[in-house]
Structures are given as C-alpha cells and as structure tokens.
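Peer 1: So that we are looking at the same thing, I have put the structure below in structure tokens.
The values are calculated or read from the model by the stated rules, or taken from the named source; none is laboratory data. All values reported here derive from a predicted model rather than from experimental measurement. Because the Cβ atoms are built from the backbone with ideal geometry, glycine has one as well, and the counts that use them run over all protein chains shown.
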Amino acid sequence: MLHVHDVKATLEGKGFKRDPLKIIEICNAKYANEVLKADVRIALMLPCPISVYEENGKTFISALRPKVIADFYPEADIKETAEEVDRIVLEIVNEAR
C-alpha cells in the first residue's frame with residue numbers, strides 16, 4: 001500500500017459534502033518496473049487503485065482491473081504480467097469483503 005486518499009475529507013475541506021470514499025493505492029515494485037520498462041506511458045494507470053465507498057448505508061469495494069491495462073497498450077506485450085497483477089488485486093478485494 002502506497003497511500004490512502006480520504007476523498008470525503010478532501011472535498012469537505014473545500015466545501016463539498018459527500019459520503020465516505022477512500023482510494024487506496026497499491027503497487028508492487030517488481031511488476032511496476034516490468035510494465036514501465038515495456039512502455040513508460042503505462043505510468044498513467046499506476047499505482048493500482050482500490051476504492052472503498054459508502055452508498056445508501058452500504059460499503060462497497062471496487063478496483064481497476066489491471067488486466068485491462070494490456071488492452072490500452074497492446075504493443076507493450078504485458079498481458080501475462082497484467083493478468084498476474086489482476087489476480088493479486090482480486091485476492092486483496094475478496095479478502096477485504
């Protein structure tokens with residue numbers, strides 16, 4: 001885990017009210033290095049975000065599926081790495097439920 005953004009607190013500090021929302025940034029240096037060596041533009045999609053939010057009194061967890069990154073950068077040939085990271089992110093989300 002790199003950082004937790006408390007979006008609710010940030011927005012409320014600027015005068016906007018909202019339900020709880022946190023964005024948790026996760027990253028694995030080995031995988032990040034692999035995909036960045038393949039195409040530095042992939043940095044636009046890093047680190048992997050996991051959102052935890054409340055809506056109508058229920059808590060939800062969602063994540064950007066890392067395997068879709070390979071679709072955005074097909075010439076980088078990162079499909080295998082992206083699928084492995086996707087599996088790890090899904091495990092984290094499922095364990096948190």
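Peer 1: Give the number of residues within region 19-57 that are modelled with pLDDT of 95 or more and either over 23 Å from ILE92 (Cα atoms) or over 18 Å from the mean Cα position of the chain (by Cα) (or both).
Peer 2: Residues meeting the conditions: 5.
Peer 1: Sticking with this one: Report, by residue number, each residue of region 14-64 that is surrounded by 14 or more Cβ atoms within 10 Å (Cβ to Cβ), part of a helix (DSSP H, G or I) and small (Gly, Ala, Ser).
Peer 2: The answer is ALA32, ALA38.
Peer 1: If I filter region 65-84 down to residues being aliphatic (A, V, I, L, M) and free of Cβ contacts under 8 Å to residues at least 24 places away in the same chain, which single residue comes out as surrounded by the most Cβ atoms within 10 Å (Cβ to Cβ)?
Peer 2: Only one residue fits best here, namely ALA70.
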